[in-house]
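Q: Pasting a structure below so you can have a look.
Read-outs: derived from the displayed coordinates by stated rules, not from any lab. On a predicted model such as this, the values are computed, not experimentally measured, just so you know. Backbone-built Cβ (ideal geometry, glycine too); neighbour counts: all protein chains shown.
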Amino acid sequence: MSDEVSAEILTTHILDLAAEGKRLDGRGPDEYRPITVEPGFVATADGSALVRIGDTAVLSGVKLEPGKPFADTPNAGVLTTNAELIPLSSPTFEPGPPQPGAIEVSRVVDRAIRAAETIDLTRLCVTPGEKSWVCYVDIHVLDHSGNLIDAASLAAVSALAHATVPAKRFEVAEADYPLEVNHFPIECTFVRLGDTIVVDPTFDEERAAQGRITVATDEAGQVVAMQKGLVGAFSPDDVKDVVRRAFRHGERHRALARGGSA
Amino acid sequence: MGSVGAKEVPVLLSPEGLRIDGRKLDELRAIRLQVGTLHNADGSAFVEWGANKVMAAVYGPREVHPRHLQQNNKAVIQCKYNMAAFAVDERKRPGLDRRSQEISKVIGEAFESVVFAEEYPRTSIDIYIEVLQANAGTRCAGLVAASLALADAGIPMVDLLPAVAVGKVAGKIALDLKKEEDNFGEADLPMALVPQSGRLVLLQMEGHMTEEELSRALDLGVQGCREIYEKMKRALRERYSTGPVGGSS
């Protein structure tokens, strides 16, 4: 009960600050927390990346193995994205089947990767209708301090960008080769705090938020995915404004996804 | 979208600028709305929208199950979107999949944004959406059905929630995609509008759109929602008027 009360007080404080254009951690409304991308964090994965946005930490690992293409897409490989909000990352997560929050993170990340055609799935086909690569993108949230979608998608895209197709191990080809990544979708999330719309919300800001909106952009100037979440509303002009902001942040984060940084 | 290695792409836009079913770019499919279609539910509605058939029921405010979800200061709004196994061409595995869980979440949040939940503390308002026949745009049809069902159940709300998807078909921004346009089109952008405030409480997007196209798509969607809003109000009046319009009651 006292948790609820302190959360309520914090929410009021966050909203009061937002009305003056301020944030609890001193950032401006359009400022991200520091971001680091550490590719190759897990040696057993075919591709991986540990992403930190402020205190939020998300690890993504890519595994490829030979499998069967879907009947309706015989010429394409298979891509599946899965996010786990494991109990280690927050006192509010419990073990068990994936909760709607985790499902939303994986669906929104998956949507951006798929819509942007990040990977040409037809290149993952080995024998049409019989054999193709199945690419698993698994996302583990290690520390939940807000804005999981941006951290998860940056980790996933970065892990794909640094992945190797284990062709030799599975005796599909003579040698392993790098996974071809054609596009770099970047997701950018905002929340409404009163009349202000701030980027990269913290856990407490998300709890105070009156609506959340994520925009995924690619390097070719296209919006490839969007998702409005939480309780709250945005006007069409709000949406147009955050799209503009998402393009700008996207540029910078894309360089991190490609190169990694410390 | 979703067309990797798929069959032949049909002609989505004729040289005259008409769509696969003869509609103009800013034209909705035929929509039929019926309120109060189920006996047991506190509120219900049936929506036939193009070749979609969607039923929605509302139960509540009633006791919360499971109990631990109960909130002391407001009603919890629980939304379940489900698609029947026979609703699509290739049988869908019945039960909860990730797609339905995500849709349930965003629709539930959309309604939480407009329902006066604080009027009914310690209760649950349960919204069930059943897609019986699907042809693109089922989440919007479900939202419209659920919104009418909530009104039918007498739940106080800021406003009804009209919803529609805008997409990109053969390079053009088009209102209310049907299945072929959704499968072979270049983008899909479902939205739900609060007509009173002009704000969106549901918004998703997948595909490819430039900033300028997205801006036009939003405006077209809002226009479509306002058209659907009128139909929704008419459907409610039909349900609750006791005689011929203008007659004594």
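Q: For chain A, compute the number of Lys pairs whose alpha carbons are separated by less than 26 Å, excluding pairs fewer than 8 positions apart on the same chain.
A: For chain A, qualifying lysine pairs total 8.
Q: Which of the lysines could be linked to residue B:231 by a straight reach, that is with a Cα gap under 20 Å, when you skip same-chain ones fewer than 8 residues away?
A: The qualifying lysines are B:24, B:53, B:178.
Q: So, one more: Kindly state, as a whole number, the per residue volume in cubic angstrom of the convex hull around the alpha carbon atoms of chain B.
A: Output value, Cα hull per residue: 149 Å³.
Q: May I ask you to list the aspartates and glutamates whose Cα is less than 12 Å away from that of residue B:233, ignoring any residue fewer than eight positions away on the same chain?
A: Residue B:233 reaches B:152, B:159.
Q: Report the net charge of residues surrounding residue A:259, where surrounding means a beta-carbon distance below 12 angstrom and charges are Lys +1, Arg +1, Asp -1, Glu -1.
A: Local charge sum for residue A:259: +2.
Q: Kindly put A:164, A:81 in sequence by how many other C-beta atoms sit within 10 Å of each C-beta, fewest to most.
A: Ascending number of Cβ neighbours within 10 Å: A:164, A:81.
Q: Using the Cα centre of chain B as the reference point, and only Cβ charges (+1 on K/R, -1 on D/E), how large is the resulting charge dipole? Debye, rounded to the nearest 20.
A: The calculation lands at about 580 debye.
Q: Net charge around residue B:67, counting only other residues with Cβ within less than 15 Å of its Cβ (Lys, Arg = +1; Asp, Glu = -1)?
A: 0
Q: Turning to a different aspect of this structure: Using modelled backbone amide H atoms (1.01 Å from N, in-plane), which distant-in-sequence or interchain residues come within less than 5 Å of residue B:169's amide H?
A: B:174, B:186
Q: How much net charge surrounds residue B:81 when only other residues with a Cβ under 14 Å from its Cβ are counted (Lys, Arg +1; Asp, Glu -1)?
A: Counting the neighbours of residue B:81, the net charge comes to +1.
Q: Still on this structure: Calculate, for residue B:21 and residue A:11, the FRET efficiency according to 1/(1 + (r/R0)^6) with r their C-beta to C-beta distance and R0 56 Å; round to the nearest 0.05.
A: In this case the efficiency is close to 0.70.
Q: While we're looking at this one, here's another question. Using Cα-only point scatterers and the Debye equation, what is log10 of I(q)/I(0) for the protein assembly as shown at each q in 0.08, 0.13 Å⁻¹, rounded to two decimals?
A: -0.51, -1.36
Q: I'd like the Karplus ³J(HN,Hα) series for region B:49-60: coefficients 6.51, -1.76, 1.60, θ = phi - 60°, whole numbers in Hz, and an x wherever there's a Gly or Pro.
A: Rounded to whole hertz, the list is 9, x, 9, 8, 10, 10, 10, 10, 10, 10, 10, x.
Q: Tell me, what HN-Hα J-couplings in whole Hz come from the Karplus equation 6.51 cos²θ - 1.76 cosθ + 1.60 at θ = phi - 60° for each residue of region A:177-183, using x for Gly and Pro?
A: 9, x, 5, 7, 10, 8, 9
Q: Calculated from DSSP H runs of 4 or more alone, at -39500 (n - 2.57) each and per residue, what is the 222 nm mean residue ellipticity of chain B, nearest 500?
A: -9000 deg cm²/dmol
Q: Determine how many Å³ per residue the convex hull of the Cα atoms of region A:93-226 encloses.
A: 138 Å³
Q: Given the Cα atoms of region B:1-116, and with Rh set as the inverse mean 1/r over their pairs in the Kirkwood sense, what is Rg to Rh to two decimals?
A: Looking at region B:1-116, the ratio lands at 1.06.
Q: If you don't mind, there's one more thing I want to ask. Return the average number of partner chain Cβ atoms within 10 angstrom of each residue Cβ along peptide A:238-247.
A: Per residue, the average neighbour count from other chains is 3.
Q: Something else about it: Only bridges whose two residues both fall in the protein assembly as shown count here: according to DSSP, what percent of them are antiparallel, nearest 5?
A: Bridges in the protein assembly as shown are about 85 percent antiparallel.
Q: Separate question: Using the Kirkwood radius over C-alpha pairs as Rh, can you work out the diffusion coefficient of chain A via Stokes-Einstein at 20 °C, viscosity 1.002 mPa s, in µm² per second?
A: This corresponds to a translational diffusion coefficient of 112 µm²/s.
Q: Starting from the amide H of residue B:204, placed 1.01 Å from N in the peptide plane, find each other amide H under 5 Å away whose residue is 5 or more places distant or on another chain.
A: Those lying under 5 Å, H to H, from residue B:204 are A:228.
Q: Return the loop-located trypsin sites (Lys or Arg not before Pro) in region B:17-66 (DSSP other than H, G, I, E, B) with at most 13 other Cβ atoms within 10 Å of their own Cβ; answer none if there are none.
A: Answer by residue number: B:24.
Q: Kindly write out, for region A:70-79 in residue order, the coupling ³J(HN,Hα) from the Karplus curve 6.51 cos²θ - 1.76 cosθ + 1.60 (θ = phi - 60°), rounded to whole Hz, with x marking Gly and Pro.
A: Listing the rounded values in order: 5, 4, 7, 9, x, 9, 10, x, 10, 10 Hz.
Q: If you don't mind, there's one more thing I want to ask. Could you list which residues have their amide H under 5 Å from that of residue B:79, counting only those 5 or more apart in sequence or on another chain, with H placed in the peptide plane?
A: Amide H to amide H, under 5 Å and 5 or more residues apart or across chains, residue B:79 pairs with B:127.
Q: For region A:168-182 and region A:203-225, write down the distance between their C-alpha centroids in whole Å.
A: Cα centroid of region A:168-182 versus Cα centroid of region A:203-225: 34 Å apart.
Q: Of all the C-alpha pairs in region B:134-249, what % are more than 17 Å from each other?
A: Of the Cα pairs, 57 percent sit more than 17 Å apart.
Q: Another question, if that's okay. Hey, got a sec? Which GluC sites (Glu not before Pro) in region A:101-140 land in a DSSP loop and have at most 14 other Cβ atoms within 10 Å?
A: A:130
Q: Next question. Tell me which GluC sites (Glu not before Pro) from region B:36-97 have a DSSP coil assignment and no more than 10 other beta carbons within 10 Å of their own.
A: Those that pass, being in a loop and sparsely packed, are B:63, B:90.
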